[in-house]
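Please read the structure below before turning to the comments.
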Amino acid sequence: MMRFLAGAAAFALAALPLRAEDMVTDFRLENGMQVVVVEDHRAPVVMHMVWYRAGAADETPGVSGVAHFLEHLLFKGTETMEPGEFSATVAANGGRDNAFTSYDYTAYYQRVAADRLELMMKMESDRMVNLQLDEEDILTEREVIIEERNQRTENNPASLMREQLDAAQYLNHRYGVPIIGWRHEMENLSLDDALAYYRQFYAPNNAILVVAGDVEPDAVLDLAKTYYGVLPPNPALGARARPEEPPQTAARRMVFEDPRVAQPYVRRSYLAPERDSGDQKTAAALTILAEILGGGTTSYFAEKLQFDTQLAVYTGAWYGGTSLDDTTFDLVVVPSEGVSLEEAEAAMDGALADFMKAGVDKDQLSRIKMQLRASQIYARDDVESLANRYGRALTSGLTIADVQAWPDVLQAVTEEDILAAADMVFERKNSVTGWLRAPVSAEEVTQ
């Protein structure tokens, strides 16, 4: 019976249209702010998000972490709200709010009942231009972000190694600097640093308003004009100019040792192209390649390294193409007990070479495409997921048309596309290989 149900579900899913268009309306206010409305009338809720086209990779050298620092500071007071009043008001109205910083964007959101949308716009537009900070705010919040770094990075050897890998991967680009910042620079972040970033990037002509949920586009536009449309643009805001990555001509290797490491592993990253507007074919092939190689227990690496040879207890591969500039394709192998990191790396390289010779299993490719289609369909049931999909894409240089074309682009990927993308990306001179392990003695090194 279970097999019949699974088969029936797969048949039903396959019978669905490849993609039903999201109901998206796009506006542009006179001050340059983009307004994107994604309609979903199944529940009386709304996701209100403001995305800034500015993240950690847009920081000035020497003040790493200031984008994330400012994200925290925006929950302080304005000319009309006391510190903490913003979130307290959202909670009092039955909603929740938060914010997040990436390399390419900073986003602030509230999920509330649809009839509370106007209140959210009123408050969010206020802190876009009226943030009030003093030295006490800087001192207290700086301690908060340093403690966050302690918890998420300093207390985690894997995170510390990832920082070093990124720094080695990106020779010149700001993606090699951690989003949270280098600790020695975080400790010196000042009020002037925060305000300089705020005044440069927090302007309506550098922002995208995404509203998803039980709303009508014209009503959203009227509210947006009332609250955001009156804000002055920043005429000095220029193009997003970032340091370019030079040609990478040598593979890099590192060993990161920490006495807290209980499970050693091998991790490798390759420089890889991102999703480009109007040309997402290579990114789609890499997305599927990551699923083929390391997407769970049915992946190629799992079969070869975990089950056939039992050389590894875990394998993985991942690729995140939604970024403004070149991203990475990553592999990881966690060796079984008694298997050295050298043996694990050799096994990973051997499996990769075997895959390039054997090619793509057609049944596996069909299954992965079906899984991707299912996840995209199910994601439409969540207004938060809808809003995030468009916000991440638009702040990373993609368009609404690119977002809506993406499911079809994925389904059109062929075996030839995947192998061509793999051959392009798996270039050792563009790679960084890292070993994470506990310290070893001189005797162990020479054995």
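No value in this document is a laboratory result; all are computed from the given coordinates. For clarity, every value in this text was computed on a predicted model and none was experimentally measured. Note that each Cβ is placed from the backbone with ideal geometry, even for glycine, and that neighbours are counted across all protein chains shown.
Okay, helix-only estimate at 222 nm for the chain: each DSSP H run of n ≥ 4 adds -39500 (n - 2.57), divide by all residues, round to 500 deg cm²/dmol; what do you get? All intermediate terms of the calculation are to be shown ahead of the outcome.
Values: 16 runs with 187 residues, N = 447.
Result for the chain: -13000 deg cm²/dmol, rounded to the nearest 500.
Per the Kirkwood definition applied to all pairs of different Cα atoms, how many angstroms is the hydrodynamic radius of the stretch 251-350?
Details: mean 1/r = 0.0688 Å⁻¹.
By the Kirkwood definition, the hydrodynamic radius is 14.5 Å.
Apply 1/(1 + (r/R0)^6) to the Cβ-Cβ distance of Gln371 and Val255, taking R0 = 35 Å, and write down the FRET efficiency to the nearest 0.05. Could the numbers behind the result be given before it?
Numbers: r = 36 Å, r/R0 = 1.03.
Working from the Cβ atoms, E equals 0.45.
Using only the Cα atoms of the stretch 47-169, what do you get for the radius of gyration and for Dmax, in Å?
Taking only Cα atoms of the stretch 47-169, I get Rg and Dmax of 16.1, 49 Å.
What nm value, rounded to one decimal, do you get for the distance between Asp276 and Thr298 when each label is placed 7 Å out toward the C-beta?
Each label point is offset 7 Å from its Cα along the Cβ direction, giving 3.3 nm.
Just subtract the alpha-carbon distance of His41 and Glu187 from 0.36 nm times their residue separation and send over the number in nm, one decimal.
Details: separation 146, 0.36 × 146 = 52.56 nm, distance 4.66 nm.
Roughly 47.9 nm would be gained on extension.
Kirkwood hydrodynamic radius (Cα pairs, Å) of the stretch 148-274?
Values: mean 1/r = 0.0524 Å⁻¹.
Computed over the stretch 148-274, the radius equals 19.1 Å.
If we restrict to alpha carbons, what Rg and Dmax does the stretch 299-447 come to, in Å?
So, for the stretch 299-447, Rg and Dmax equal 18.9, 59 Å respectively.
May I ask for the equivalent-ellipsoid semi-axes of the chain, computed as the square root of five times each C-alpha gyration tensor eigenvalue and listed largest first in whole Å? Mind dumping the intermediate values first?
On the way: eigenvalues 304, 181, 75 Å².
They are 39, 30, 19 Å, listed largest first.
In the structure shown, do any of Lys225/Lys281; Lys281/Lys429; Lys281/Lys304; Lys76/Lys122 have a Cα-Cα gap over 26 Å, and if so which?
Numbers: Lys225/Lys281 37 Å; Lys281/Lys429 24 Å; Lys281/Lys304 28 Å; Lys76/Lys122 16 Å.
Violating the 26 Å Cα-Cα cut-off are Lys225/Lys281; Lys281/Lys304.
How far is helix 400-411 tilted, in degrees, relative to the longest principal axis of the Cα atoms in the chain, given as a value from 0 to 90 rounded to the nearest 10?
20 degrees
Only Lys, Arg, Asp and Glu count, each charged at its Cβ (+1, +1, -1, -1), so figure out the dipole size of the chain about its Cα centre, rounded to 20 debye. Please list the in-between numbers first.
On the way: 40 positive and 70 negative charges, 180 e Å.
Dipole size: approximately 860 debye.
Counting DSSP beta bridges with both partners in the chain, what percentage is antiparallel, nearest 5? Working shown, then result.
On the way: 49 of 61 bridges.
The answer is about 80 percent antiparallel.
Gain in length, Gln310 to Glu343, computed as 0.36 nm per residue apart minus the alpha-carbon separation, to one decimal in nm? Before the final figure, lay out the partial values.
Values: separation 33, 0.36 × 33 = 11.88 nm, distance 1.21 nm.
Between Gln310 and Glu343, full extension yields an extra 10.7 nm.
Return the distance in nm (one decimal) between the two label points of a simple spin-label model at Glu163 and Asp218, each offset 7 Å from Cα along Cα→Cβ.
My value for the distance between the label points is 5.4 nm.
Can you tell me which of 274-286, 23-35 comes out highest on packing, and rank the rest after it, using the mean Cβ neighbours within 10 Å? It would help to have the intermediate numbers written out before the result.
Details: 274-286: 19.5, 23-35: 16.8.
So the order, starting with the most tightly packed, is 274-286, 23-35.
Quick check for you: which residues of the stretch 193-225 have the amide N under 20 Å from the point 7 Å beyond the Cα of Val144 toward its beta carbon?
The answer is 193-199, 202, whose backbone nitrogens lie closer than 20 Å to the label point.
Taking every pair of distinct Cα atoms and averaging 1/r, then inverting, what Kirkwood hydrodynamic radius in Å comes out for the stretch 320-381? Intermediate values should be presented prior to the final figure.
On the way: mean 1/r = 0.0664 Å⁻¹.
Radius from the Kirkwood sum: 15.1 Å.
Using 1/(1 + (r/R0)^6) with R0 = 45 angstrom and r between the beta carbons of Asn156 and Glu118, what's the FRET efficiency to the nearest 0.05? Don't jump to the answer; show the numbers that get you there.
Numbers: r = 42 Å, r/R0 = 0.93.
Approximately 0.60, to the nearest 0.05.
Any idea how far the Cα center of the stretch 30-104 sits from the one of the stretch 158-220, in Å?
12 Å
HN-Hα J couplings of the stretch 217-232 from phi, Karplus 6.51/-1.76/1.60, θ = phi - 60°, integer Hz, Gly and Pro as x?
Computed from phi, the couplings for the stretch 217-232 are x, 5, 5, 5, 4, 4, 5, 4, 5, 5, 9, 9, x, 8, 7, x Hz.
Tell me, what ³J(HN,Hα) does each residue in the stretch 311-325 have, in order and in whole Hz, if you take phi through Karplus 6.51 cos²θ - 1.76 cosθ + 1.60 with θ = phi - 60° and put x for Gly and Pro?
7, 9, 9, 7, 9, x, 8, 8, 8, x, x, 7, 8, 6, 10
Where in the stretch 46-146 are there GluC sites (Glu not before Pro) that are in a DSSP coil and have at most 13 other Cβ atoms within 10 angstrom of their Cβ? Mind dumping the intermediate values first?
Numbers: sites: Glu59, Glu71, Glu79, Glu85, Glu118, Glu124, Glu135, Glu136, Glu141, Glu143; in loops: Glu59, Glu79.
Of the GluC sites (Glu not before Pro), the ones in loops of the stretch 46-146 whose Cβ has at most 13 other Cβ atoms within 10 Å are Glu79.
Calculate the length of the line joining the C-alpha centroid of the stretch 227-258 to that of the stretch 393-408, in whole Å.
20 Å
Taking the Cα-to-Cβ direction at Glu244 and at Leu171 and moving 7 Å from each Cα, how far apart do the two end points lie in nm?
1.4 nm
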